[in-house]
């Protein structure tokens, strides 16, 4: 049992994570009261596994998934994977604890049943498991599978309160933006395959050279990544996704979903860094998100909205840092994710706890809560300090790395970095201060401890990271090495000197304070700017596209033909056009030939003429009986043609068939009530429709005619099977070749045809017996 | 509604009655002689069912119940199909290709005059039964439907009936 | 062995035709027969993958004189798919209580027709089995209780008879110019015949199969028929019967008339493109689920056409894979139409993810294969088109899903358990295919190399 004695850490981490939702759902089904407990326990196990895996490190597991497509189930618990796995499971654990307190309250508000908890925790843990799988995937297709799995989980979580229209819209929007952009990841993967014939990331890193294909592929994958990280201009889904219950928002923003986007950038970074244009694009997009998110965050009033836009802005940083690249850029981006995840999830949980306590979700309605909720205030103060990058928090180092990276890239970037950090300082401070400071507002109900403890834990971690940064540094360093593709060291310490980073940090604090204090002057203009943005921004574009698509759909639906004649016409006319196209396209010589007519053919021609004339007669309006008789006239004259061609067997069958069909036809006509027949006979179609029908009929006839003519213009094949049939008939004990063909050579066809007759019989019986098939 | 005022003269009735047996004989002849001359089980089936149809047209649907052969013909459809299927699939059980007829190609068969007894004839009988059953069954169904329609229309005119007929057309 | 599936179905159908199918015991008998035919097909499939195609000339005559039955991997794939969908629909209807005496028999008869046409190596025999399948479908389409079904059935019959007629004309013309009816013989003769008549014939064949599939602009019958028939019948029509179209195009196009297929590729691309966009856009604002599914089916046909036009190894691979997965998706989704309950919602959403191409539901395999084909062909416009189509499929599937399963209505009664469990089983099947795709991919690959290696099925002429 080597497997038990020496387990593969990569597999263990993945399996434990995948078991979490499964076990929770099973226990939940068994007894719904188990759900929350099971969720906490299984997430704790997953977290333990992830930490243990990170410690034991660098294990991989690979097995062929599909031989035919050359895709492998290849996972590697490298530094990058460890970091994100620890984050996803660790924060997942705190979220599960939080949710166990939050969901009963939520149930109370929304009137949901206890059983709905199973769904909630099931998808939450599936989300976590998908993240863990995603971060370990080394095969692009496998990665795509986990990537979409996170989209699925988030869809159901965002739409959890499906009775609210807001939730439904938000869920659909999140799914459309992240699901459709995920197709970019897939196409990018296939493009890479077309160039290097592999989906395996390690192999791709080895062999990829800068080329147009690689640039395109990477850009497409980045579209997926950036949409998931809610980067401008695909950011608009994230604020809407706040319709989800708070634990989901907290998770979505810190360690799952949005983090998955920047994770993917980190994962394929060796390919990203091949083309500097791609890196520049990252700086532009990240910068735009930073500014847009930051400005909007400054003006929002709803807690979760402030935080949502802050996330857009702060992942903007991460993207910018990846764009800046180099040792500092990559290290900074990676470290930033850790710092941000810890602090941001705490703030979301704070928002949720405050809303539960006061029943209000707006900054305007609350204030001065620090006295009433001191523990929460302290916990979230520490977390806020982290995001504001104050010293003695882990956040200080995230900005230090950012500034260090920007240092090498010229003034513009440096100013930009300061501006971004200032915004971030300001909106976080505004958020925390708006809730806990100022005049006292809002009634406070006691909330369960499980809503406060996770905030405290995360806040403590933020401060701990500022004092003893080593574990976090180590985690980030391991991860950044993987992204960077070579050795890299992160050095983090406080320096009491006037190096650029420190100066930049100081100016951020100063500027941030100024921004906060001058709120009354800039608030109006910024608000107006945001309004304009809403009117012409991508969110509006999305809404318009959706609306337009539904309108377009309705209007082309009006063009659908609805009556039987037109439905037939729409088959005949296009086939006529296609045949015409084929005639034009194909070489014309010898396609159509005439042969001479001999006097002996005269009777034959005569009967064919009769058949044709009866065919034309059928379409002339007349009563049903005459129509049936004319129709049978076609058949009878064709029977004569067969006889004249020397096929008495066929002629006999034709005559008999025509006879019995005419009898049956008349029998049916008798069944139809007279008034209906009379009504139909007296129907006169408008002239224009008659003309149209005539044209269509003519086209249909021509199609058949042209095809048959062109086939008949070929001399019939020199060796037909019929020759062999005639030769072999005596062997089959037969003298009448037709019968032998029907019963022996091609008896199987006859077998089929009598089956058709039997089925038709079954159908007629059941339809006629009771007037319906039952 | 007095649509169906069937006016059959005595002459028609006598002719129809007299013709029935010859029609059957011709049908059977055509089927058995199929391998030698024009015709096969299919034509035979159509001819025989036309004969029955003639009776029904002249004497009405109750005529169908008079002869047991005719009465059971619709069920015969499936018997015929079964016979045909057996001739096709029994060789497969014996390891031969489907529809390998017996006696094998080129070997002598028991014959009665020019009529040879081979499994292909059994197949043709199956075809005959299917076609005959179909013809009789359809004739019967149509005739009964007409009976039903005229009897109901004769008693009273039900709006539901007309509505249903309207839907059907 | 080669005749075993056909034999089981055929005898079974005749037997059931005289039994009363509304009795549960008889319906169970039909299910047993269908299931054993499916198993026999799979068993045959294992043999064929291992030992190559099998063929048999009926009556023991020489090739060409007798009818050739010829089974290759392609036929096995389509037969397995169709029988699976038929089985699902039959089980579903049995669980729901069969309302017509002849329903089980007709399902088996359709099984005969489909299996036969996938197994035959003779074009006229193909037509005969085609007719068996079609006539069963005609009767099945009217299965139900209301004039709605009759209207749908009437339209279905008229339009499809037209398609069958065109197909028959082309078979006669093929016979005239090649003197053969066996596919191997035709494939050998066609290159010797001048191009022009063959191209015209190929056009008619294309029209016939496209009508069956519902390609734009031959699709106008499709939506009213799929919405008018009962859910289980709609599942059969779109999941099993429509396979005739994809299979026919592959067999006649790729196998018998490759030259004409290459000539017609631009037309296929144009019609496929229009079909994808038209079907997807139409689906967006349709309200009833079956309407959305019907229009979505029109869009899916477009992908098949485009992959067929791209051709070659990746193209045909995509055609087969896409057709199989689409058949399963449609089978599942149409069955959910009349049901209510959370299991149904879960199954529907699996189907929706499959249509949108989101793993782990099997649909993403089809999407990958189409993208793959387009990329290998350097056809960027097609890549974009497929992307657009898949974006729209997200929109219409999930608009529908949310409208149907997220907005709770007061008057809803949960359906009985058994039908729910059946659709759930199908959904789980889709997930399994998505998670463990290798068997499907492997056998598809096998079928494609069969198509490309030998010019036609069967023994050499």
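One table, with the values for the structure above:
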| read-out | value |
| --- | --- |
| Any chance residue A:710 is in contact (Cβ under 8 Å) with a residue 12 or more places away in the chain, more than 7 Å from chain C (Cβ to nearest Cβ), under 30 Å from residue A:608 (Cβ atoms) and in contact with a helix residue (DSSP H, G or I) (Cβ under 8 Å, 6 or more places away or on another chain) | no |
| Selection count where residues are under 19 Å from the mean Cα position of the chain (by Cα), buried (at least 24 other Cβ atoms within 10 Å of the Cβ) and assigned to a helix (DSSP H, G or I), scope region A:240-260 | 5 |
| Pairs with Cβ under 8 Å, 6+ apart, first in region C:273-289 and at negative phi, second outside any helix (DSSP H, G or I) and surrounded by fewer than 24 Cβ atoms within 10 Å (Cβ to Cβ) | C:274/C:217; C:282/A:560; C:289/C:337 |
| Qualifying residues in region A:581-614 (those that are part of a helix (DSSP H, G or I) and more than 30 Å from residue A:637 (Cβ to Cβ)) - the one farthest from the other protein chains (Cβ to nearest Cβ) | A:584 |
| Candidates C:110, C:183, C:134 - the one that is touching a residue at least 24 places away in the same chain (Cβ under 8 Å), under 16 Å from the mean Cα position of the chain (by Cα) and farther than 20 Å from residue C:219 by Cβ | C:110 |
| Breaking point among (1) over 27 Å from residue C:187 (Cα atoms); (2) within 12 Å of another protein chain (Cβ to nearest Cβ); (3) under 20 Å from the mean Cα position of the chain (by Cα), for residue C:38 | (2) |
| In region A:549-566, the residues that are within 26 Å of the chain's Cα centre (by Cα) and within 7 Å of chain C (Cβ to nearest Cβ) | A:549, A:550, A:552, A:553, A:554, A:556, A:557 |
| Every residue from region B:122-140 that is buried (at least 24 other Cβ atoms within 10 Å of the Cβ) and under 22 Å from residue B:103 (Cβ atoms) | B:123, B:124, B:126, B:127, B:128 |
| Subset of region C:190-199 [within 7 Å of another protein chain (Cβ to nearest Cβ) and in contact (Cβ under 8 Å) with a residue 24 or more places away in the chain] | C:195, C:197, C:199 |
| Qualifying residue in region C:367-374 (condition: more than 10 Å from chain A (Cβ to nearest Cβ) and without any contact (Cβ under 8 Å) to a residue 12 or more places away in the chain) | no |
| Region A:631-674, residues that are more than 9 Å from chain B (Cβ to nearest Cβ) and outside any helix (DSSP H, G or I) | A:645, A:646, A:647 |
| Residue in region A:716-736 that is at pLDDT 85 or above, within 14 Å of chain C (Cβ to nearest Cβ) and in contact with a helix residue (DSSP H, G or I) (Cβ under 7 Å, 6 or more places away or on another chain) present | no |
| In region A:615-630, residue farthest from the other protein chains (Cβ to nearest Cβ) [restricted to those that are in a helix (DSSP H, G or I) and within 58 Å of the chain's Cα centre (by Cα)] | A:617 |
| Filter pass, residue C:223 being in contact with a helix residue (DSSP H, G or I) (Cβ under 8 Å, 6 or more places away or on another chain) and more than 19 Å from residue C:82 (Cα to Cα) | yes |
| Any hit, region B:80-93, residues being modelled with pLDDT under 85 and surrounded by fewer than 20 Cβ atoms within 10 Å (Cβ to Cβ) | yes |
| Helices (runs of 4 or more DSSP H) contained in region C:158-268 and holding at least 2 residues farther than 27 Å from residue A:566 by Cβ | C:183-189, C:195-213, C:231-236, C:243-248 |
| Conditions (1) farther than 30 Å from residue A:335 by Cβ; (2) surrounded by fewer than 24 Cβ atoms within 10 Å (Cβ to Cβ); (3) touching a helix residue (DSSP H, G or I) at 6+ places or on another chain (Cβ under 9 Å): number failed by residue A:35 | (2) |
| Residue identified as within 13 Å of chain A (Cβ to nearest Cβ) and touching a residue at least 60 places away in the same chain (Cβ under 8 Å) among C:242, C:202, C:235, C:208 | C:202 |
| From A:15, A:26, A:95, residue being outside any strand (DSSP E or B) and under 24 Å from residue A:451 (Cα atoms) | A:95 |
| Residue tally, condition buried (at least 24 other Cβ atoms within 10 Å of the Cβ) and outside any helix (DSSP H, G or I), over region A:267-318 | 1 |
| Test result for residue A:754, in contact (Cβ under 8 Å) with a residue 12 or more places away in the chain and either more than 7 Å from every other protein chain (Cβ to nearest Cβ) or farther than 21 Å from residue C:179 by Cβ (or both) | no |
| Condition met for residue C:214 (within 16 Å of the chain's Cα centre (by Cα) and without any contact (Cβ under 8 Å) to a residue 60 or more places away in the chain) | no |
| Residue satisfying condition, being free of Cβ contacts under 8 Å to residues at least 60 places away in the same chain, more than 14 Å from every other protein chain (Cβ to nearest Cβ) and under 27 Å from residue A:268 (Cβ atoms), within set A:49, A:45, A:41 | A:49 |
| Selection count, region C:111-126, where residues are buried (at least 24 other Cβ atoms within 10 Å of the Cβ) and at the interface with chain A (Cβ under 9 Å from one of its Cβ atoms) | 6 |
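To keep it simple, each residue is scored yes or no on (1) more than 29 Å from residue C:126 (Cβ to Cβ); (2) assigned to a helix (DSSP H, G or I).
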position	(1), (2)
C:365	no, yes
C:385	yes, yes
C:395	yes, yes
C:400	yes, yes
C:414	yes, no
C:442	no, yes
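Table: residues versus (1) within 12 Å of chain B (Cβ to nearest Cβ); (2) in contact (Cβ under 8 Å) with a residue 24 or more places away in the chain; (3) under 24 Å from the mean Cα position of the chain (by Cα).
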site	(1), (2), (3)
C:49	no, yes, yes
C:53	no, yes, yes
C:63	yes, yes, no
C:66	yes, no, no
C:94	no, yes, yes
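The values are calculated or read from the model by the stated rules, or taken from the named source; none is laboratory data. The shown structure was predicted, so the numbers you read here are calculated from the model rather than taken from an experiment. Heads up, the Cβs are rebuilt from the backbone with ideal geometry, glycines too, and the neighbour counts pull from every protein chain shown.
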